[in-house]
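Visitor: Here it is: the structure, laid out below.
The values are calculated or read from the model by the stated rules, or taken from the named source; none is laboratory data. Model, not experiment: these values are computed from the prediction. Glycine also receives a Cβ, built like all others from the backbone with ideal geometry; neighbour counts cover every protein chain displayed. Surface accessibility is based on the protein's heavy atoms, side chains included, excluding ligands, DNA and RNA. Shrake-Rupley method; radii C 1.70, N 1.55, O 1.52, S 1.80 Å.
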Amino acid sequence: MKFFLDTANIAEIEEAASWGVLAGVTTNPTLYAREGGKLADFHKHLKRICDIVDGPVSGETVCLKRDEIVREGEELAALAPNLVVKVPTMPEGLAATKALADKGIKVNMTLCFTVPQAILAARSGAAYVSPFVGRFDDISEDGIDQLEQVVVALNNYDFGHQVEVIAASIRSANHVTKAALMGADIATVPFGVLEKLVKHPLTDRGLESFLADWEKVKNA
Ligand code: E4P
């Protein structure tokens, strides 16, 4: 499994990159707004992220009509070679994805919740499909079960191009564990979740005990 960071925060991206674990970044309008982002700086901010990250960076389109999505997608893709255009799963999004894919522009199809949506996204030419986990849990449904169905279904077919599953809307280490066990290609996680993935109470306790014993060795 590869790890993407689900953020628009530069400091978080630089920190995760320094750990050597960062394979990509996903952003969305909510995450950009959370950073106090302004429309005029949006492209500059995405470009900065693309320069830091050695891997795909998903920038989301906010248009709803195919021609507008394609125009915006082309503008985003021109920012950097690692920019992937994030397009919502909807009929206009499928049409835009096909047009962008035909132009050699990679698309991450987002807001994907079902197996049919995922297959349609892959068929339209999306290089990445992002099934959401946490938002299913939010409505008391099993997001992990839905993700597993998507992983199994996409593995059943050859789409003629590489399609990677990005487990998105990840809220916990348990989500990541389950996604890895079912073979999801990528998990995109908030920085807070990434930090939790590294930590375990037994690791902390083991470290404390090593350090205490090392003090004894030094004083012996
Ligand atoms: C990533 O591509 C998605 O936009 C993101 O994971 C959504 O997460 P959320 O459901 O926590 O907003």
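Visitor: Quickly run through region 98-127 and pick out the residues that are of a type outside the set (A, V, I, L, M) and either open to solvent by 10 Å² or more (accessible area, probe 1.4 Å) or over 18 Å from ASP185 (Cβ atoms) (or both).
Guide: Narrowing region 98-127 to residues of a type outside the set (A, V, I, L, M): 98, 102-104, 106, 108, 110, 112-114, 116-117, 123-125.
Those that are of a type outside the set (A, V, I, L, M) and either open to solvent by 10 Å² or more (accessible area, probe 1.4 Å) or over 18 Å from ASP185 (Cβ atoms) (or both): LYS98, ASP102, LYS103, GLY104, LYS106, PHE113, THR114, PRO116, GLN117, ARG123, SER124, GLY125.
Visitor: Given the options GLY192, GLY183, GLY206, name the one that is part of a helix (DSSP H, G or I), at pLDDT 95 or above and farther than 22 Å from ALA8 by Cβ.
Guide: Numbers: GLY192 fails: farther than 22 Å from ALA8 by Cβ; GLY183 fails: part of a helix (DSSP H, G or I).
Answer to the check: GLY206.
Visitor: Here's a follow-up. Filter region 137-163 down to residues that are closer than 21 Å to LEU120 by Cβ and either of a type in the set (Val, Ile, Thr) or open to solvent by less than 20 Å² (accessible area, probe 1.4 Å) (or both) and give me whichever is nearest to the ligand (Cβ to nearest atom).
Guide: GLY143
Visitor: Now a separate question. Residue under question is SER130, and the condition is that it be open to solvent by less than 10 Å² (accessible area, probe 1.4 Å) and under 22 Å from ALA8 (Cα atoms); does it hold? Steps first, please.
Guide: Working: open to solvent by less than 10 Å² (accessible area, probe 1.4 Å): yes; under 22 Å from ALA8 (Cα atoms): yes.
Here the answer is yes, as SER130 does meet what is asked.
Visitor: Going through region 165-202 one residue at a time, which ones are open to solvent by less than 30 Å² (accessible area, probe 1.4 Å), more than 17 Å from GLU148 (Cα to Cα) and within 12 Å of the ligand (Cβ to nearest atom)?
Guide: Those that are open to solvent by less than 30 Å² (accessible area, probe 1.4 Å), more than 17 Å from GLU148 (Cα to Cα) and within 12 Å of the ligand (Cβ to nearest atom): VAL189, VAL193.
Visitor: So LEU46 fits all but one of (1) more than 16 Å from the ligand (Cβ to nearest atom); (2) assigned to a helix (DSSP H, G or I); (3) open to solvent by less than 40 Å² (accessible area, probe 1.4 Å); what number is the exception?
Guide: LEU46 satisfies every listed condition except (1).
Visitor: Considering only region 60-179, give the helices (runs of 4 or more DSSP H) lying wholly within it that have at least 3 residues that are more than 20 Å from MET1 (Cα to Cα) and modelled with pLDDT of 95 or more.
Guide: Numbers: elements: 66-77, 91-102, 115-124, 134-138, 143-155.
In region 60-179, the matching helices (runs of 4 or more DSSP H) lie at 66-77, 91-102, 115-124, 134-138.
Yes or no, residue by residue, for (1) touching a residue at least 12 places away in the same chain (Cβ under 8 Å); (2) loosely packed, with under 14 Cβ neighbours inside 10 Å; (3) touching a Pro at 6+ places or on another chain (Cβ under 7 Å):
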site	(1), (2), (3)
VAL25	yes, no, no
ASN28	yes, no, no
ASP54	yes, yes, no
CYS63	no, no, no
ALA80	yes, no, no
PRO88	yes, no, no
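Visitor: Going through region 30-43 one residue at a time, which ones are open to solvent by less than 70 Å² (accessible area, probe 1.4 Å) and more than 10 Å from the ligand (Cβ to nearest atom)? Outline the logic, then answer.
Guide: Filtering region 30-43 for residues open to solvent by less than 70 Å² (accessible area, probe 1.4 Å) gives 31-33, 36-37, 41-43.
Of everything in region 30-43, those that are open to solvent by less than 70 Å² (accessible area, probe 1.4 Å) and more than 10 Å from the ligand (Cβ to nearest atom) turn out to be TYR32, ALA33, GLY36, GLY37, ASP41, PHE42, HIS43.
Visitor: Now, a different point. Take LYS178 and tell me if it is of a type in the set (Lys, Arg) and under 22 Å from the mean Cα position of the chain (by Cα). I'd like the intermediate steps shown before the answer.
Guide: Numbers: of a type in the set (Lys, Arg): yes; under 22 Å from the mean Cα position of the chain (by Cα): yes.
Yes: the conditions hold for LYS178.
Visitor: Being closer than 26 Å to THR61 by Cβ, assigned to a loop (DSSP other than H, G, I, E, B) and more than 13 Å from the ligand (Cβ to nearest atom) is the filter here; which residues of region 1-28 pass it?
Guide: Within region 1-28, ASN9 is the sole residue that qualifies.
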